[in-house]
1. With the requirement that a residue be among the basic types (K, R) and out of contact with any Lys or Arg (no Cβ under 8 Å at 6 or more places or on another chain), what does the stretch 83-116 give you?
2. Pairs, please: C-beta under 9 Å, at least 6 apart or cross-chain, first residue over 16 Å from E158 (Cβ atoms) and in the stretch 130-142, second of a type in the set (S, T, N, Q)?
3. Just a yes or no: is a residue in the stretch 70-82 at pLDDT 95 or above, among the polar types (S, T, N, Q) and farther than 12 Å from Y27 by Cα?
4. Restricting attention to the stretch 119-140, report how many residues are under 17 Å from H73 (Cβ atoms), out of contact with any Ser or Thr (no Cβ under 7 Å at 6 or more places or on another chain) and surrounded by 13 or more Cβ atoms within 10 Å (Cβ to Cβ).
5. Within the stretch 21-48, work out how many residues are in contact with a helix residue (DSSP H, G or I) (Cβ under 6 Å, 6 or more places away or on another chain), at pLDDT 95 or above and not in a strand (DSSP E or B).
Amino acid sequence: MNKTLQTLNKGHHQLRKGRQSIQGAYYSVTLATENRNPLLTTPGTPDIIFQCFDWLETNERLQWICVMIMPDHIHAVFQLGNKQTLSQLMQSLKRYTATQINTHLTRKGSLWQENYYDHGIRRDESLNKIVRYCYENPVRKGLVEAARDYPYWRCKYEME
């Protein structure tokens with residue numbers, strides 16, 4: 001095994017190290033497209049992602065707080081439901097959205113990177129800080145001057 005592949009595998013292990021699935025706990029998750037391909041804000045694609053989060057909530061698999069869709073990644077903050085583990089939830093979300101988005105864009109191949117970053121949120125002030133970070137991400141990336149102007153964002157709480 002070459003050194004680059006060893007480093008990559010070690011990094012994937014580090015993402016999973018200490019990962020827990022606690023029903024009712026709050027999580028911040030970031031998932032990126034394969035090779036950071038900027039497909040997620042093409043017309044119609046954000047709707048697929050938002051509809052998936054709504055469906056997951058309707059089926060008590062999560063309760064989303066905010067979802068930020070950037071061109072090549074998603075930030076989501078949610079409370080894990082009682083129907084599966086965090087890994088199962090993410091696998092389901094990625095599989096469904098990949099199928100729907102690939103069909104919508106008439107493309108084939110991997111949509112998402114294999115792994116994702118997750119963080120268990122422990123305190124209300126941390127939750128507020130993470131939601132604020134998601135909200136301001138398009139400004140930091142130079143996509144808009146004011147966060148309120150970014151169209152691919154949903155939050156159940158009033159911002160600003």
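1. Listed by number, the residues that qualify are K94, R95, R107, K108.
2. Partner pairs satisfying both residue conditions: I130/S28; Y133/S28.
3. Looking for residues that are at pLDDT 95 or above, among the polar types (S, T, N, Q) and farther than 12 Å from Y27 by Cα, one finds none in the stretch 70-82, hence no.
4. Going through the stretch 119-140, the residues under 17 Å from H73 (Cβ atoms) turn out to be 119, 130-131, 133-140.
When the remaining residues are screened for being out of contact with any Ser or Thr (no Cβ under 7 Å at 6 or more places or on another chain), the result is 131, 133-140.
Remaining after also requiring surrounded by 13 or more Cβ atoms within 10 Å (Cβ to Cβ): 131, 133-139.
Qualifying residue count for the region: 8.
5. The total comes to 3.
Conditions (1) over 21 Å from W153 (Cα atoms); (2) under 15 Å from the mean Cα position of the chain (by Cα); (3) surrounded by 12 or more Cβ atoms within 10 Å (Cβ to Cβ), marked per residue:
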{"residue": "L40", "(1), (2), (3)": "no, yes, yes"}
{"residue": "P46", "(1), (2), (3)": "no, yes, yes"}
{"residue": "D54", "(1), (2), (3)": "no, yes, yes"}
{"residue": "A76", "(1), (2), (3)": "no, yes, yes"}
{"residue": "Q91", "(1), (2), (3)": "yes, yes, yes"}
{"residue": "A98", "(1), (2), (3)": "no, yes, yes"}
{"residue": "T103", "(1), (2), (3)": "yes, no, no"}
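The values are calculated or read from the model by the stated rules, or taken from the named source; none is laboratory data. Keep in mind that this is a model prediction, so the values were computed, not measured. Neighbour counts run over all protein chains shown; Cβ positions are idealised from the backbone, glycine included.
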